[in-house]
Amino acid sequence: MLRPLKAGFIGTGFIGSVHARAALQAGARLAGVVSSTPERSQAAAQALGAARAYASAEDLIDDDGVDVVHICTPNHLHAPLAVRALAAGKHVICEKPLALTSAEAAGLVEAANSSGRIATVPFVYRYYPLVREARERLHSGKAGRLRLMHGSYLQDWLLREDDDNWRVDAALGGASRAFADIGSHWCDLAQFISQQSIVRVSARKLIAVPRRHRGDGASSFTGAATAGGTSLVDTEDAVLVHFETAEGVLGSVTVSQVSPGRKNRLWIELDASDESLVFNQEEPETLWCGRRESATVLRRDPAQLTAAGGRMATLPAGHPEGYASCFEAFVGDTYAAIHTGEVPEGLPTFADGLAAASITDAVLASADSGQWIDVDRHIN
Ligand SMILES: NC(=O)c1ccc[n+]([C@@H]2O[C@H](COP(=O)([O-])OP(=O)(O)OC[C@H]3O[C@@H](n4cnc5c(N)ncnc54)[C@H](O)[C@@H]3O)[C@@H](O)[C@H]2O)c1
């Protein structure tokens, strides 16, 4: 039997807790956690059932009893913590965006490659069974030749002036907010399903709420800021992007954190010569497959899925699976790679984190210059 991995978690907010539950599900022991204060670290260790609270991120990383480090902090800490964890010989799961710039992300890919450790990024929407099914329909030729990709990723939790979060502050979240935070997921998914790379972009960005009340780092998705003065916002609330892939497929995506009523609506359509495929993250049990003669709604039924889709389905048809199941499958695949050294199909690695950071840099450069910009993938 495999020795259970010992996992440590840096950052225990919204996603840190999701990571910890997925790690347990994948058979790990929760070696310990660290948050932004000793009190938060203690409370999180207790709530998650972790063995201990560490005094600092460095203590957690340097502990010989930790095999794999999950980095779930605000964005500005991702790169320095990942570099340190790899140097300490740990396997790393680092949240997106992998780094604040693509140059920094390229350095992390190098560090991961030379460490020989497994280093992954939770682009977890890849783990919906019907996403795999859509990918398979394109790959097998069943859908025909891909021509267009389009869609949106819309949220509303930063709609108002008193909605605040560390992501709004460029020093903590990075120069891009909406695109780096959620547009990166959409682009990763588009590239994953199509198996094509976005190579050129033309973008416009919007700061819809130019001043915000600043809180004390309000929790993600609650938004509420404490009263006080307002400060100027310099990260975008929304972005429109036109893009082109290396194979000449055209696409567009609208990304927004200020769309009333939209919670986490990642929606993508891929139009091929015989079939259009539509996936909506908020209704992930179905895939719409449109043909000129008729349209069908494919349901997540393990008995009907291909091997690629079926591998991701854990429950029988009619028993809805969701976001948490994707996270469990992603962490399970990362741990399988650590145990066996074999990388399961579709595992998002630091190279995919770099690809997303490279697109983000190009989107910002295009929005600033008004020009089409080539994506610098940092491939030597
Ligand atoms: N893959 C996904 O689907 C997904 C979803 C949500 C968030 N994320 C990413 O996860 C990261 C965290 O986002 P969140 O929504 O959980 O934020 P959050 O604000 O809910 O949690 C951040 C956590 O980091 C801790 N922290 C802050 N500074 C720290 C420090 N110096 N040392 C240790 N801990 C520190 C905070 O106390 C908190 O526990 C972000 O990078 C975000 O982009 C990814």
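Laid out as a table, the results:
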quantity	calculated
Top-ranked residue in region 151-203 [being in a helix (DSSP H, G or I) and among the hydroxyl-bearing types (Ser, Thr, Tyr); ranked as nearest to residue 97 (Cα to Cα)]	184
Pair list, Cβ < 6 Å and 6+ apart or interchain, from region 254-270 residues that are outside the structural domain of residue 137 (by TED's automatic domain parsing) to residues that are assigned to a loop (DSSP other than H, G, I, E, B)	none
Subset tally (residues that are in a helix (DSSP H, G or I) and farther than 18 Å from residue 120 by Cα) for region 26-75	16
Cβ-Cβ under 8 Å pairs, at least 6 apart or on other chains, region 76-89 side within 10 Å of the ligand (Cβ to nearest atom), far side part of a helix (DSSP H, G or I)	76/171; 76/172; 76/173; 77/57; 81/57; 81/61
Test for residue 45: is it more than 9 Å from the ligand (Cβ to nearest atom) and either within 21 Å of residue 329 (Cβ to Cβ) or surrounded by 15 or more Cβ atoms within 10 Å (Cβ to Cβ) (or both)	yes
Which numbered condition residue 98 fails, given (1) of a type outside the set (D, E, K, R); (2) closer than 24 Å to residue 365 by Cβ; (3) in contact (Cβ under 8 Å) with a residue 60 or more places away in the chain; (4) in a helix (DSSP H, G or I)	(4)
Within region 265-288, tally of residues that are among the acidic types (Asp, Glu) and farther than 23 Å from residue 324 by Cβ	4
Sole residue being outside any helix (DSSP H, G or I) and at pLDDT 95 or above, chosen from 105, 143	143
Residue 51, sole failed condition from (1) away from the ligand (no atom under 15 Å from the Cβ); (2) in contact (Cβ under 8 Å) with a residue 24 or more places away in the chain; (3) more than 18 Å from residue 327 (Cβ to Cβ)	(2)
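The values are calculated or read from the model by the stated rules, or taken from the named source; none is laboratory data. Owing to the predicted nature of the structure, the values given are computational and were not obtained by experimental measurement. Cβ sites come from the backbone with ideal geometry, for glycine too, and all protein chains shown count toward neighbours.
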